[in-house]
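Presented below is the structure to which this report refers.
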Amino acid sequence: MLEIKLKKGKEKAVHQRHPWVFSGALDKIMGKPENGEVVKVISANNEFLAYGYFNGQSRVAVRLIEWEEGQEIDAAWYEHKISAAVNARARLLKNKDTDAYRLIFSEADFLPGLIVDQYANFLSVQILSAGIEKAKAIVIDILVKLLNPKGIFDRSDATARTHEGITAENGLLWGETPAAFIAVKENGITYHINIAEGQKSGFYCDQRDNRSILAAYTAGKSVLDCFSYSGGFSLNALAQGAAQVTSVDSSPLAIETLKQNIALNEFDETKHIAIQSDVNKQLRQFNDEGKKFDIVILDPPKYAPSRSALDRAARAYKDLNRRGLMLLESGGLLATFSCSGAVDIETFKQIIAWAALDAGKEVQIIKQFCQPEDHPVRLSFPEGEYLKGLLLRVV
Ligand code: SAH
């Protein structure tokens, strides 16, 4: 196995089990490892530190996977890691009301660049590192053996792959091609998912817990669900007896799927309005019309893909939240989210405080939202904590 020596002092983060070694930390590469090849990382004093996937093209030059010296990174190693991830979710997987879960969550499950979501009998896979790409055949074999899916679909069309120098993929990896829409359940509500073309890997199962927490506040209320996608928050509100739900999303596929979902669950269509539009534009229009809601939900896409985008993202979050808050009166609720890893909860609170000030509203935090347990956060890898949210009451 080829070795990579770190600069003096750079072993500290590796000892703390942080899984990323940046290219600037490398002192010497012994030999010419291929992208994705497993290498041994050693300190400036030649002591063993860890094994990881090398990538000469990425800012993260080594993605660490194993800290035990002498451990072979073979099929048995992959099987051990994959079954550990699946077993850790055994309690969730027993739930009869839900069959959409994240089974493997990249660094959080010690498999950097591998994301596996289960949608009923199908698996949707994202391979976002050259290391996992190299081990793809082994990984697929193990998933088939352990989970016996009907089909495995590759949704690795994310920009992350370009940073790793691997081309986008989208297609069947194993078994049966899923139908254009397959049905899954989450907390007893049925959703259609388009595995091949839906956003992310088809569904945002990271909002599962937050949808049901928020639903408890919606009975008899008028709810505005911004960035609704296929209706996660809207459908939960309708199930809990919301008086009126308005969903806004710019994607035609999202709105089409949402309408299918209302019908699938036999919810009262007269209580729901779907608007295909840009959220900022729609919020401006509602404000111009003097429209008010009891509850406003803001679940935008990732505004800050990296730390360098933080300033611009902060302004976008602020404007969005200011507009959302203007639609609420005293006692109204704002559920606001950020899925940007670069925006931590304290920064997010600060941004929302500015938005409230600009909107002329005094607000109280009555709940904080986070990722569900199938998206765990390793304390040694705080970057994995991407989803956060606040439930605010307008005083
Ligand atoms: N709340 C959703 C997930 C939201 S994901 C759920 O519970 O499933 C973000 C959504 O924002 C996507 O559906 C995307 O189509 C939509 N979107 C992105 N930019 C938008 C914009 N400017 N206006 C309206 N919708 C937008």
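The values are calculated or read from the model by the stated rules, or taken from the named source; none is laboratory data. Computed from a prediction, not measured in an experiment: that's the story for all the values here. So basically every Cβ, Gly included, is an ideal-geometry build from the backbone, and we count neighbours across all protein chains shown. For accessibility, only protein heavy atoms count, side chains too; no ligands or nucleic acids. Shrake-Rupley method; radii C 1.70, N 1.55, O 1.52, S 1.80 Å.
Structure data summary
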| item | result |
| --- | --- |
| Segment 193-203, subset surrounded by 20 or more Cβ atoms within 10 Å (Cβ to Cβ) and within 10 Å of the chain's Cα centre (by Cα), residue farthest from the ligand (Cβ to nearest atom) | SER201 |
| Where SER234 falls short, out of the listed (1) open to solvent by 50 Å² or more (accessible area, probe 1.4 Å); (2) near the ligand (Cβ under 9 Å from one of its atoms); (3) under 23 Å from the mean Cα position of the chain (by Cα) | (1) |
| Residue list for segment 348-388, restricted to those being among the aromatic types (Phe, Trp, Tyr) and in a helix (DSSP H, G or I) | PHE348, TRP354 |
| Filtered residue count, segment 324-339, keeping only those that are more than 13 Å from GLU362 (Cβ to Cβ), more than 12 Å from the ligand (Cβ to nearest atom) and hydrophobic (A, V, I, L, M, F, W, C) | 3 |
| Those residues of segment 272-281 which are surrounded by fewer than 20 Cβ atoms within 10 Å (Cβ to Cβ) and either in contact with a strand residue (DSSP E or B) (Cβ under 7 Å, 6 or more places away or on another chain) or touching a residue at least 40 places away in the same chain (Cβ under 8 Å) (or both), in sequence order | ILE273, ILE275, GLN276, SER277, ASN280 |
| Residue within segment 97-111 that is free of Cβ contacts under 8 Å to residues at least 40 places away in the same chain and not in a helix (DSSP H, G or I) present | yes |
| Output for segment 135-159, where each listed residue is in a helix (DSSP H, G or I) and touching a strand residue (DSSP E or B) at 6+ places or on another chain (Cβ under 8 Å) | LYS136, VAL139, ILE140, LEU143, VAL144, LEU147 |
| Top-ranked residue in segment 295-317 [being at pLDDT below 95 and small (Gly, Ala, Ser); ranked as surrounded by the most Cβ atoms within 10 Å (Cβ to Cβ)] | ALA304 |
| Filter pass, ILE297 being within 13 Å of the ligand (Cβ to nearest atom), among the β-branched types (Val, Ile, Thr) and under 21 Å from the mean Cα position of the chain (by Cα) | yes |
| Residue check for ALA243: modelled with pLDDT of 95 or more and open to solvent by 40 Å² or more (accessible area, probe 1.4 Å) | yes |
| Boolean, THR336 is among the polar types (S, T, N, Q), open to solvent by less than 10 Å² (accessible area, probe 1.4 Å) and in the same structural domain as TYR217 (by TED's automatic domain parsing) | yes |
| Tabulated pairs, segment 63-79, first in contact (Cβ under 8 Å) with a residue 12 or more places away in the chain, second in a loop (DSSP other than H, G, I, E, B) and β-branched (Val, Ile, Thr), C-beta under 7 angstrom, 6+ apart or interchain | ILE65/ILE73; GLU66/ILE73 |
| Residue check, ASN148 within 15 Å of the ligand (Cβ to nearest atom), within 22 Å of ASP99 (Cβ to Cβ), open to solvent by 30 Å² or more (accessible area, probe 1.4 Å) and not assigned by TED's automatic domain parsing to the domain that holds PHE369 | no |
| Any pair with Cβ under 6 angstrom, 6 or more apart, that starts in segment 355-371 at a residue that is in the same structural domain as LEU387 (by TED's automatic domain parsing) and ends at one that is open to solvent by 40 Å² or more (accessible area, probe 1.4 Å) and part of a helix (DSSP H, G or I) | ALA355/LYS318; ALA355/ARG322; ASP358/ARG322; ALA359/ARG322; ALA359/MET326 |
| Test: residue in segment 325-333 that is among the charged types (D, E, K, R) and either open to solvent by 40 Å² or more (accessible area, probe 1.4 Å) or at positive phi (or both) | yes |
| Members of segment 193-212 found to be in a helix (DSSP H, G or I) and either within 16 Å of ASP117 (Cβ to Cβ) or of a type outside the set (Gly, Ala, Ser) (or both), listed by number | CYS205, ASP206, GLN207, ARG208, ASP209, ASN210, ARG211 |
| Residues of segment 246-259 satisfying the condition of being more than 8 Å from the ligand (Cβ to nearest atom) and open to solvent by less than 40 Å² (accessible area, probe 1.4 Å) | THR246, SER247, ILE255, THR257, LEU258 |
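For every residue, the table says whether it meets (1) within 16 Å of the ligand (Cβ to nearest atom); (2) part of a strand (DSSP E or B); (3) open to solvent by less than 10 Å² (accessible area, probe 1.4 Å); (4) not assigned by TED's automatic domain parsing to the domain that holds PRO372.
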residue	(1), (2), (3), (4)
LEU172	no, yes, no, yes
PRO178	no, no, no, yes
TYR191	yes, yes, yes, yes
LEU214	yes, no, yes, no
GLY220	no, no, no, no
SER230	yes, no, yes, no
ASN261	yes, no, yes, no
THR270	no, no, no, no
